[in-house]
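Trainee: The structure is given below, and queries will be raised subsequently.
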Amino acid sequence: MTSATTLFKELLNVNDTIIDDINISKNRYDEKVLIARIHPRKGLQWKCPICGKRCKVYDQPYEERRWRGLDFGAIPVELIASVPRVICKEHGVKTAGVPWAYPDSGFTKDFEYTVVWLCKYLSRSAVSNYMRIDWRTVGRCITRVHNDIEPNVLGRLNGLVKIGIDETSYRTGHKYITVVLNHETNTVVWASDGHGKTVLEKFFNLLTPQQCASIEVVSGDGARWITDCVNEYIPNAKRCVDPFHVVEWTMEALDSVRTDAWREALAKLNKYDVKRGPGRPKADDEEAKKHRQAKKEASEIKQSSYALGKSPDHLTATQEARLEMIQKSDKRLYRAYILKEKLRLLLKITDRDEAESELIAWVKWARHCRIPAFVELQRKIMRHKDHILNTIELGVTNARIEATNNKIKLLIRKAYGFRNVDSMIDMVLLYCSGLKIPLPNRNRVRYA
Ligand SMILES: [Zn+2]
């Protein structure tokens, strides 16, 4: 029969370790906790936590340290060990490393891997509650596991051909992170706090001349600093504008027209001075009729945002009716809608010459459409004309780019609340990659 300590050693999944004592006691929240007093096997003690070399003990007494392990069923597990400070010739005085945990961590490696695995799929509160840790701790687990799985993150910079650059705001618009994507693998290759030219320059400065030379296509939004960096560091690469950004600009213009239209409709509504006596208004009351009509129009405009934004083949019956109503009642808003649709379809053209003539025709039309938002948009489109045509020529019309961008935005929103931005960046690098996060003691077998 296996002895109790050997059995627990297997259960705790701590190799190279000797169990001195096991106890169940209560923590300060009156929960039962399993406490195991352990120490590393001889030969694995007194190791430098950085280089792993065996060192001399620096001083006495040993420090008592605690680690959370994975729960046994519903019972939290704590490991306790006395650990000395050691003196490494290279790294100086450090608390000795232990085989079951990363240096400076209060958790076992199994525990941290499980947190990081769960975090990919579950919400913040689910992970925090289930693992009984606060969200900031999750950030630190992510950083440690990422460093362990991928010690050389710069390897991602090899062999880039098509890249995308995007900035995302967090903390309600005050802070940004800049992300560089590899379009061919749909993974993030680099991310950094901040935005603008100086931040992007950090990325280009990391690249070797060969790595720079392999980049052929750079896409992003219309930002000037992206263009400047491309011209400076990789002048042979072609600058593109992600099509979904162009659609976004158009939607912004359309939305401002819609807001104006709604305001006008409301003003019209106030013009009808309908006195409300007791009972129903008479059916032949002309003023009341006009008032009802104007009210309906205003509400249609207010609710038309989705109908105007969608492509016509995906409209519901209600949305189609709404558009028809707008076509009759608000010629200007309808014109803005058609302008948006034309531009959206234009971006789907695959031939550069054809797209160019269509784009010139669109710009001419928008310039004379007497809608200020679109006259302004037309100027912006002209400024980026070459970049838009590059996009069309090189086929950067990939819906996956937008999907990856949205995934990054979701991750960043989720990572909000980590104490430092590095954890946020580690999260983006870890989850927007081909990296697999292993769960402890699994060999890909699924039980029925
Ligand atoms: Zn060392």
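Trainee: Which residues, counting only those in segment 106-161, are outside any helix (DSSP H, G or I) and of a type in the set (F, W, Y)?
Mentor: F107
Trainee: Looking at W100, is it part of a loop (DSSP other than H, G, I, E, B), within 35 Å of the chain's Cα centre (by Cα) and either closer than 20 Å to T143 by Cβ or within 16 Å of the ligand (Cβ to nearest atom) (or both)?
Mentor: yes
Trainee: With the requirement that a residue be outside any helix (DSSP H, G or I) and surrounded by 15 or more Cβ atoms within 10 Å (Cβ to Cβ), what does segment 197-209 give you?
Mentor: The answer is L207, and nothing else.
Trainee: Can you say whether V161 is modelled with pLDDT of 90 or more and within 16 Å of the chain's Cα centre (by Cα), as far as the supplied structure shows?
Mentor: No, not satisfied.
Trainee: Moving to a separate point now. If I filter segment 18-37 for residues that are at pLDDT 85 or above and closer than 17 Å to P103 by Cβ, do I get at least one hit?
Mentor: Checked segment 18-37: no residue is at pLDDT 85 or above and closer than 17 Å to P103 by Cβ.
Trainee: Something else about it: Restricting to segment 51-70, and then to whatever is among the basic types (K, R) and open to solvent by 90 Å² or more (accessible area, probe 1.4 Å), can you tell me which residue is nearest to the ligand (Cβ to nearest atom)?
Mentor: K53
Trainee: Sticking with this structure for a sec: Just the residues that are buried (at least 16 other Cβ atoms within 10 Å of the Cβ) and either closer than 21 Å to N13 by Cβ or among the polar types (S, T, N, Q) (or both), please, taken from segment 81-95.
Mentor: A81, V83, T95
Trainee: F111 passes all but one of (1) at pLDDT below 95; (2) among the hydrophobic types (A, V, I, L, M, F, W, C); (3) more than 16 Å from the ligand (Cβ to nearest atom); which number fails?
Mentor: (1)
Trainee: Any idea how many residues of segment 16-35 are surrounded by fewer than 19 Cβ atoms within 10 Å (Cβ to Cβ) and in contact with a helix residue (DSSP H, G or I) (Cβ under 6 Å, 6 or more places away or on another chain)?
Mentor: 1
Trainee: Inspect segment 228-241 for any residue being of a type in the set (A, V, I, L, M, F, W, C), over 23 Å from the mean Cα position of the chain (by Cα) and open to solvent by 60 Å² or more (accessible area, probe 1.4 Å) and give the result as yes or no.
Mentor: no
Trainee: Is it true that G73 is within 16 Å of the ligand (Cβ to nearest atom), at positive phi and open to solvent by less than 80 Å² (accessible area, probe 1.4 Å)?
Mentor: For G73, the condition - within 16 Å of the ligand (Cβ to nearest atom), at positive phi and open to solvent by less than 80 Å² (accessible area, probe 1.4 Å) - is not met.
Trainee: For segment 368-392, how many residues are of a type outside the set (V, I, T) and either outside the structural domain of L333 (by TED's automatic domain parsing) or outside any helix (DSSP H, G or I) (or both)?
Mentor: Within segment 368-392, residues that are of a type outside the set (V, I, T) and either outside the structural domain of L333 (by TED's automatic domain parsing) or outside any helix (DSSP H, G or I) (or both) number 4.
Trainee: From the set of residues in segment 36-50 that are open to solvent by 50 Å² or more (accessible area, probe 1.4 Å), farther than 20 Å from R68 by Cα and assigned to a loop (DSSP other than H, G, I, E, B), which is nearest to the ligand (Cβ to nearest atom)?
Mentor: I50
The values are calculated or read from the model by the stated rules, or taken from the named source; none is laboratory data. Note that the structure is a prediction, hence the values are computed from the model and not measured. Every residue, glycine among them, receives a Cβ derived from its backbone with ideal geometry; neighbour counts consider all protein chains shown. Remember, those area values only see protein heavy atoms, side chains included, never the ligands or the DNA or RNA. Shrake-Rupley method; radii C 1.70, N 1.55, O 1.52, S 1.80 Å.
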